[in-house]
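To start, the structure itself, in structure tokens.
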Amino acid sequence: NAGVTQTPKFQVLKTGQSMTLQCAQDMNHEYMSWYRQDPGMGLRLIHYSVGAGITDQGEVPNGYNVSRSTTEDFPLRLLSAAPSQTSVYFCASSLNPDTQYFGPGTRLTVL
Amino acid sequence: EDKVVQSPLSLVVHEGDTVTLNCSYEVTNFRSLLWYKQEKKAPTFLFMLTSSGIEKKSGRLSSILDKKELFSILNITATQTGDSAIYLCAVRWAGSYQLTFGKGTKLSVIP
């Protein structure tokens with residue numbers, strides 16, 4: 001099993017550009033989530049999904065969209081990148097909401 | 001106001017020392033408390049606690065929950081340089097799929 005994979009590892013965007021962060025898992029987990037991590041802020045939940053076709057907002061959803069068309073994939077879309085979205089993004093998956101397995105992260109810089 | 005508060009925010013100890021990390025949370029339909037360790041990249045799961053007074057143990061790490069006083073501690077005995085990491089505490093409230101993370105405690109173990 002590859003576990004949770006994220007692409008790309010690094011990305012630099014200009015303000016206003018859009019992009020999609022990819023997340024995939026091969027553990028047949030129903031629960032998937034996206035977090036961002038900023039210095040001194042811990043992990044903050046952006047969006048999550050409890051199964052294919054079901055998504056919901058977390059603590060900081062503004063500026064981001066998600067979809068869950070399959071159990072395996074949970075992409076995160078930045079609609080119009082802003083410097084405030086400079087962060088490290090983690091995707092996680094689990095059988096239940098508690099013991100989540102995290103991907104390696106994507107470091108995003110918005111200029 | 002933060003719902004999950006970790007202390008201290010950072011800590012420097014010498015190898016062989018014992019450390020205690022703290023995590024306090026607001027009351028309101030508590031469901032579970034989790035500890036994660038984050039080294040260079042993704043957080044990895046350590047413990048989940050749901051019942052008060054029951055210690056979870058794994059090697060030199062142990063954790064206990066006090067639901068009456070609304071806090072948990074993570075103990076690490078005989079620390080090693082490999083214990084250097086950020087330790088994250090997260091809480092899930094009943095009826096919610098979301099984990100709320102504290103800001104983390106950065107532990108540095110020096111030889």
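The values are calculated or read from the model by the stated rules, or taken from the named source; none is laboratory data. Just so you know, these numbers come straight off a predicted model, no measurement behind them. Every residue, glycine among them, receives a Cβ derived from its backbone with ideal geometry; neighbour counts consider all protein chains shown. Accessible surface areas use protein heavy atoms only, side chains included; no ligands, DNA or RNA. Shrake-Rupley method; radii C 1.70, N 1.55, O 1.52, S 1.80 Å.
The coefficient of translational diffusion for chain B, derived via Stokes-Einstein from the alpha carbon Kirkwood radius under 25 °C and 0.890 mPa s, stands at 175 µm²/s. Summed over the residues of region A:1-95 and divided among them, the accessible surface reaches 45 Å² per residue at a probe radius of 1.4 Å. Net charge in the neighbourhood of B:W93 (other residues with Cβ under 10 Å of its Cβ; Lys, Arg +1, Asp, Glu -1) is +2. Partners of B:K103 within straight-line reach, counting aspartates and glutamates whose Cα lies under 12 Å from its Cα and excluding those fewer than 8 residues away in the same chain: A:D38, B:D2. Quick check on the protein assembly as shown: of the DSSP beta bridges with both residues there, what percent are antiparallel, nearest 5%? Roughly 90 percent of the DSSP beta bridges within the protein assembly as shown come out antiparallel.
The residue list A:P97, A:C23, B:Q6 was ranked by how far each Cα lies along the charge dipole of the protein assembly as shown toward its positive end, using unit charges on Cβ atoms, and A:C23 comes out on top. Annotation: aspartates and glutamates with alpha-carbon distance below 19 angstrom to B:K57 (same-chain offsets under eight excluded): A:D98, B:D17, B:D66, B:D83. Counting charges near A:L78 (Lys, Arg +1; Asp, Glu -1) among other residues having Cβ under 13 Å from its Cβ returns a value of +3. Between the beta carbons of A:K14 and B:S10, assuming R0 = 45 Å, the FRET efficiency works out to 0.85 to the nearest 0.05. Taking the three principal axes of the alpha carbon atoms in region A:1-64, the coordinate ranges are 35, 25, 24 Å, sorted in descending order.
I'd like to know which of B:L21, B:G104, B:T44 lies farthest towards the positive end of the charge dipole of chain B, counting +1 on Cβ of Lys and Arg and -1 on Cβ of Asp and Glu. Value computed over the given set: B:T44. To put it simply, the accessible area of chain A at a 1.4 Å probe is 51 percent carbon and sulfur.
Per the Debye formula on identical point scatterers at the alpha carbon atoms of chain A, with no solvent, log10 I(q)/I(0) at q = 0.10 Å⁻¹ is -0.25.
What are the lysines whose alpha-carbon lies under 21 Å from the alpha-carbon of B:K56, with same-chain residues fewer than 8 places away excluded? The reachable lysines, counting only those whose Cα sits under 21 Å from B:K56, are B:K37, B:K67, B:K68. Here the accessible area is traced with a 1.4 Å probe on the protein chains. For chain B, carbon and sulfur cover 51 percent of it.
Under the convention that each Lys and Arg Cβ holds +1 and each Asp and Glu Cβ holds -1, the size of the dipole of region B:2-56 around its Cα centre is about 280 debye. Once both labels are positioned 7 Å from their Cα atoms along Cα-to-Cβ, the gap between B:S62 and A:T99 label points is 2.1 nm. The distance between label points at B:S51 and B:R31 comes to 2.0 nm (points 7 Å beyond Cα on the Cα→Cβ vector).
Overall shape of the protein assembly as shown was characterised from the C-alpha gyration tensor. The equivalent ellipsoid obtained from it has semi-axes of 30, 20, 16 Å, in decreasing order. Taken residue by residue and averaged, Cβ atoms of other chains lying within 10 Å of the Cβ of A:38-47 number 4. The dipole here belongs to chain A: it is taken about the Cα centre, uses +1 on the Cβ of Lys and Arg and -1 on the Cβ of Asp and Glu, and is about 460 debye. Accessible surface comparison of A:D98, B:D66, probe 1.4 Å, protein chains only, largest first: the order is B:D66, A:D98.
For the protein assembly as shown, the Cβ-based charge dipole about the Cα centre amounts to some 300 debye (Lys, Arg positive; Asp, Glu negative; other atoms uncharged).
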